[in-house]
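Asks: Before I ask anything, here is the structure I am working with.
The values are calculated or read from the model by the stated rules, or taken from the named source; none is laboratory data. Please read these numbers as outputs of a predicted model, since none were measured by experiment. Cβ placement follows ideal geometry from the backbone for every residue including glycine, while neighbour counts extend to all protein chains displayed. In case anyone asks, the SASA skips ligands and DNA or RNA and just uses the protein heavy atoms, side chains included. Shrake-Rupley method; radii C 1.70, N 1.55, O 1.52, S 1.80 Å.
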4 protein chains.
Amino acid sequence: MNFASDTTAPAHPDVLEAMAAANHGNAASYGADSVTDALKAHLAETFETNDFDIWLCASGTASNALALSIMCSSIGAIACHQEAHIERDERGAPEFFTGGAKLRLLPGFAAQIDETALRGALAANDPSFVHETPLETLSLTNLTECGTAYSVDTVRHFAALAKAGGLNVHLDGARLANALISTGALPAEMTWKAGIDVLTFGLTKTGAIGCEIIVLFGQMRAHMEALKARAKRSGHMPPKMRYLAAQGQAMLREDL
Amino acid sequence: MNFASDTTAPAHPDVLEAMAAANHGNAASYGADSVTDALKAHLAETFETNDFDIWLCASGTASNALALSIMCSSIGAIACHQEAHIERDERGAPEFFTGGAKLRLLPGFAAQIDETALRGALAANDPSFVHETPLETLSLTNLTECGTAYSVDTVRHFAALAKAGGLNVHLDGARLANALISTGALPAEMTWKAGIDVLTFGLTKTGAIGCEIIVLFGQMRAHMEALKARAKRSGHMPPKMRYLAAQGQAMLREDL
Amino acid sequence: MNFASDTTAPAHPDVLEAMAAANHGNAASYGADSVTDALKAHLAETFETNDFDIWLCASGTASNALALSIMCSSIGAIACHQEAHIERDERGAPEFFTGGAKLRLLPGFAAQIDETALRGALAANDPSFVHETPLETLSLTNLTECGTAYSVDTVRHFAALAKAGGLNVHLDGARLANALISTGALPAEMTWKAGIDVLTFGLTKTGAIGCEIIVLFGQMRAHMEALKARAKRSGHMPPKMRYLAAQGQAMLREDL
Amino acid sequence: MNFASDTTAPAHPDVLEAMAAANHGNAASYGADSVTDALKAHLAETFETNDFDIWLCASGTASNALALSIMCSSIGAIACHQEAHIERDERGAPEFFTGGAKLRLLPGFAAQIDETALRGALAANDPSFVHETPLETLSLTNLTECGTAYSVDTVRHFAALAKAGGLNVHLDGARLANALISTGALPAEMTWKAGIDVLTFGLTKTGAIGCEIIVLFGQMRAHMEALKARAKRSGHMPPKMRYLAAQGQAMLREDL
């Protein structure tokens, strides 16, 4: 797959039309507007639930790092594949946003975490041993960085292993739409029903100008205020969020 | 002045037209595109110099914090007015981006730093005394947070005092256009000719969807690679930067 | 008072004797030794309670910063006097250990916080307003940096105001022994009975080689594991803690 | 080797005697005392050079992390063995002190970095590629965490490879004395003559109460003021440094 080209292509025409449509009259700042409300309603249908909350930002690196910063403390670690985008292509953003958490890199074919390696890391994890940094989060990517897809069964299985070990589970969905097409799974099946706590859902690589959605499912909604504060202080609280939401709406109509 | 309304207003129609105009054909990612080049040429005219470099981002908080993060180390301090936006309205972004630098708050009428207070802070500054955090940067805001304008003479005078004390000088120009109108000064006079090292030039509050320009003048250009790296890891390296540049172009034609 | 001389004076002879007495046989590392147990028993008597936990470190700056790092999040603020040691003499340690929290500086005569200023800061504090950094902690110093003493009544009153506003309360007790002598108060009265959640109790300035005790009272004991982890990663988990505890024991016999 | 026991053993009797000997009369604080001067003179003989500067602290974790914090920026990476103490046993201290730098883990038998892996990492290193975190530092451990010794030739060779790639080189010498005995090398040969820029030299595990020496060789002396500032703000600037220096002196007489 030629991912490099994703960011050189122009935006989908619907995206700019939707932004223009959002461009009339005054609107509440910072996401309290009707365009953002409409996007949230659309997502409720897509994910077959109302038990979620969202935040929008224009950067995939930021959406992953913000999500991880409310999932893993500065004194914890995040397990991920050794070729994960969060390890290889984000210039240390997870370390920066978490305040110094560590990434624990796991091997596996075609950018999919090897189950034995995951079980080994979980078995060795001892939060009470103060000298080593304990795992707090498992981060999966689907489509993976190699363009392969985890099945819903594997996501559910890995999430269950992680949760049995006290970890929460993040899904980097920069190319979630492709993963759903590739596996034939529904959005809900691949995410919260499989045990995903936080999804970062990317639309930039599939046609938006810049629109990434952080979705907090279920109990993670309790961290929404902390997420907002962290978004604010990292410069990811767009005053005119309606233009991001308009992109999201346009892309969702296309994608899913 | 009713600043609250700045972010509730729709974008200027030219902004969306310019974005649509930028939306054809593939383009190099991350700012190496012709729209960004054209913006830079426009700024060269505006600021009457070619001795500068720029970075674009969509957030005023981020542009200030990124600028400060290449001006002040994690073990230094930034002098600013006690009502400065960087102190009051950015949820600790400067501390976050610098890795823990301190803000040294100075008093003064109508959000303008009092000269005696500035002189006192500079006189007491001793970088060799390891127990206190030494000043490395002076940050001015023009228009100030109260809507008053520093004159060119005052900016030049304060910058000279700061430089004599070994500090570099930042100008928060979230409303620079208004300051230029209010004082009748030219952009070059109010910035690099007056001793400003880094300008954060805001267009969002005057009509863009989200477009802030960080301008590194003269010797600060040496920090351009560090700025890019910090932009990348904070999620402020928009892959499709041309849409930001298009907004900048449209607003500059209106503003200056 | 000539505080400068505190750190140039030799240690009290009892301190070195106690260290020598601790120097026989093997002992459990990292505080699980009999000397540390004995110190804790001594402190239980001193503070008239068993509802506390302790951590020892050799640096006053570290003990304050570690304490604050479990009291205030990276996106919160700490109210303190504008001449507080944590603001003026610790080279940004609180910002570093908390991951970028802010200090909110309050005025007041003789390094004691002015009640009106404290009430004003608390009244203006709105954790739900995401753009400003909300207060999470009040830090008092007794003896203050000017050598004056807060009375037990004032400490209790200020702590009650802070708690009514949702803050927890830290006491920098680098010279607590002097404050107790000066006011005639008992250790328990000046600390947990007055609403202090975490005390940093210094013995270095009164005669130890380097011994500071962080005391977590009551509900703050829940943060003991986080404190240990933060101590470990900041290099304040002395493997041979018994030598610190021996100093503490010797000084407590002298001091209180 | 039973390293666990290192920190349970009592201190060498000479250490406490030396501390007692340092315990008379007033002395300048923070290392400007005669005991520290004498230690420096002793080290000049040991390392056959005067072109170095030192800092003392009581923690091996802190000495490594402080050293690395002046060698690698917050936006850079440190190459080390995957079983290195800085990766496995310091609870994220390097990430904390550097402000979020990454560790790049290299494989190799018996905790020694594999040369092919090192060459591969260096060949792939491209500081101009902003998306990945570039290597700035190579960290070696001698004795390694497995108790094996790198020869002087290997240290010199690996340091030369690293420097050809623009990296500086750190040696974690928590058990340097054992490495020297094991290889028959002289201290100078194993360190600055082999290309080591910064050595963290541990005496705690061989008999001190807590004494680690950070040695900046040659051009790294330019970072001494930054090191002091970082030591101050992390609580590793012992006011009564003479007691650390006395331990160092006593151990050096024994060890080398």
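Asks: Taking residue A:126 and the conditions (1) away from chain C (no Cβ under 14 Å); (2) over 17 Å from residue A:70 (Cα atoms), which numbered condition does it fall short on, given that it satisfies the others?
Replies: (1)
Asks: Still on this structure, please answer the following. Which of (1) farther than 23 Å from residue D:218 by Cα; (2) open to solvent by 30 Å² or more (accessible area, probe 1.4 Å) is the odd one out, the single condition residue D:59 does not satisfy?
Replies: (2)
Asks: Return the pairs, sorted by first residue and then second, in which the second residue is aromatic (Phe, Trp, Tyr) and open to solvent by less than 50 Å² (accessible area, probe 1.4 Å), the first residue lies in the stretch A:36-53 and is within 16 Å of residue A:196 (Cα to Cα) and touching a residue at least 40 places away in the same chain (Cβ under 8 Å), the beta carbons are less than 7 Å apart, and the residues are 6+ apart or on different chains.
Replies: If the second residue must be aromatic (Phe, Trp, Tyr) and open to solvent by less than 50 Å² (accessible area, probe 1.4 Å), the pairs left are A:51/A:217; A:52/A:217.
Asks: So, one more: Hey, could you check the stretch D:6-33 for residues that are at pLDDT below 75 and more than 7 Å from chain C (Cβ to nearest Cβ) and say which is nearest to residue D:232 (Cα to Cα)?
Replies: Once the filter is applied, the top-ranked residue is D:30.
Asks: Then there is this: Which ranges mark the helices (runs of 4 or more DSSP H) fully within the stretch B:155-256 that have 1 or more residues being more than 12 Å from chain A (Cβ to nearest Cβ), at pLDDT 95 or above and open to solvent by 10 Å² or more (accessible area, probe 1.4 Å)?
Replies: Once the helices (runs of 4 or more DSSP H) in the stretch B:155-256 are filtered for at least 1 residues that are more than 12 Å from chain A (Cβ to nearest Cβ), at pLDDT 95 or above and open to solvent by 10 Å² or more (accessible area, probe 1.4 Å), what remains is B:176-183, B:187-190, B:224-233.
Asks: Now a separate question. Residues that are in a strand (DSSP E or B) and in contact with a Ser or Thr (Cβ under 7 Å, 6 or more places away or on another chain): does the stretch C:84-93 have at least one?
Replies: no
Asks: If you don't mind, another one. Being at positive phi and within 11 Å of another protein chain (Cβ to nearest Cβ) is the filter here, so list the residues in the stretch A:90-123 that pass it.
Replies: A:91, A:92, A:99, A:100
Asks: Let me ask something else. Scan the stretch A:209-243 for residues that are among the aliphatic types (A, V, I, L, M) and more than 16 Å from the chain's Cα centre (by Cα) and jot them down.
Replies: Across the stretch A:209-243, the qualifying residues are A:209, A:222, A:226, A:229, A:237, A:241.
Asks: Also, quick follow-up: Give the stretch B:34-49 a look and list any residue that's surrounded by 21 or more Cβ atoms within 10 Å (Cβ to Cβ) and either within 14 Å of chain A (Cβ to nearest Cβ) or closer than 22 Å to residue A:23 by Cα (or both), or say none.
Replies: The answer is B:35, B:36.
Asks: Here are some conditions: (1) within 14 Å of chain A (Cβ to nearest Cβ); (2) part of a loop (DSSP other than H, G, I, E, B). Residue B:73 meets all but one. Which one does it not meet?
Replies: So the condition that residue B:73 fails would be (1).
Asks: Within the stretch B:76-89, can you find the residues that are within 11 Å of another protein chain (Cβ to nearest Cβ) and open to solvent by 20 Å² or more (accessible area, probe 1.4 Å)?
Replies: Within the stretch B:76-89, B:82, B:85, B:87, B:88, B:89 qualify.
Asks: Can you pull out the residues in the stretch C:55-103 that are among the aliphatic types (A, V, I, L, M) and more than 18 Å from residue B:133 (Cβ to Cβ)?
Replies: Result: C:56, C:58, C:66, C:67, C:70, C:71, C:75, C:79.
Asks: Take the residues of the stretch C:62-75 that are touching a residue at least 40 places away in the same chain (Cβ under 8 Å) and not aliphatic (A, V, I, L, M): which is most open to solvent (accessible area, probe 1.4 Å)?
Replies: Residue satisfying both the conditions and the ranking: C:73.
Asks: Any chance you could count how many residues in the stretch C:167-217 are without any contact (Cβ under 8 Å) to a residue 40 or more places away in the chain and on the phi > 0 side of the Ramachandran plot?
Replies: 1
Asks: Restrict the check to the stretch C:129-150 and report whether at least one residue is assigned to a helix (DSSP H, G or I) and either open to solvent by less than 20 Å² (accessible area, probe 1.4 Å) or within 21 Å of residue C:218 (Cβ to Cβ) (or both).
Replies: Scanning the stretch C:129-150, I find no residue that is assigned to a helix (DSSP H, G or I) and either open to solvent by less than 20 Å² (accessible area, probe 1.4 Å) or within 21 Å of residue C:218 (Cβ to Cβ) (or both), so the answer is no.
Asks: Here is a follow-up. How many residues, within the stretch B:48-62, are among the hydroxyl-bearing types (Ser, Thr, Tyr) and within 16 Å of residue B:87 (Cβ to Cβ)?
Replies: Residues flagged as among the hydroxyl-bearing types (Ser, Thr, Tyr) and within 16 Å of residue B:87 (Cβ to Cβ) within the stretch B:48-62 amount to 1.
Asks: Restricting to the stretch A:52-71, name every residue that is over 22 Å from residue A:145 (Cα atoms) and hydrophobic (A, V, I, L, M, F, W, C).
Replies: Answer for the stretch A:52-71, where residues must be over 22 Å from residue A:145 (Cα atoms) and hydrophobic (A, V, I, L, M, F, W, C): A:52, A:54, A:55, A:56, A:70.
Asks: Would you say residue B:52 is away from chain A (no Cβ under 14 Å) and touching a Phe, Trp or Tyr at 6+ places or on another chain (Cβ under 6 Å)?
Replies: yes
Asks: What number goes with the only condition from (1) within 24 Å of residue D:106 (Cβ to Cβ); (2) open to solvent by 40 Å² or more (accessible area, probe 1.4 Å) that residue A:103 does not pass?
Replies: Looking at each condition in turn, residue A:103 falls short on (2).
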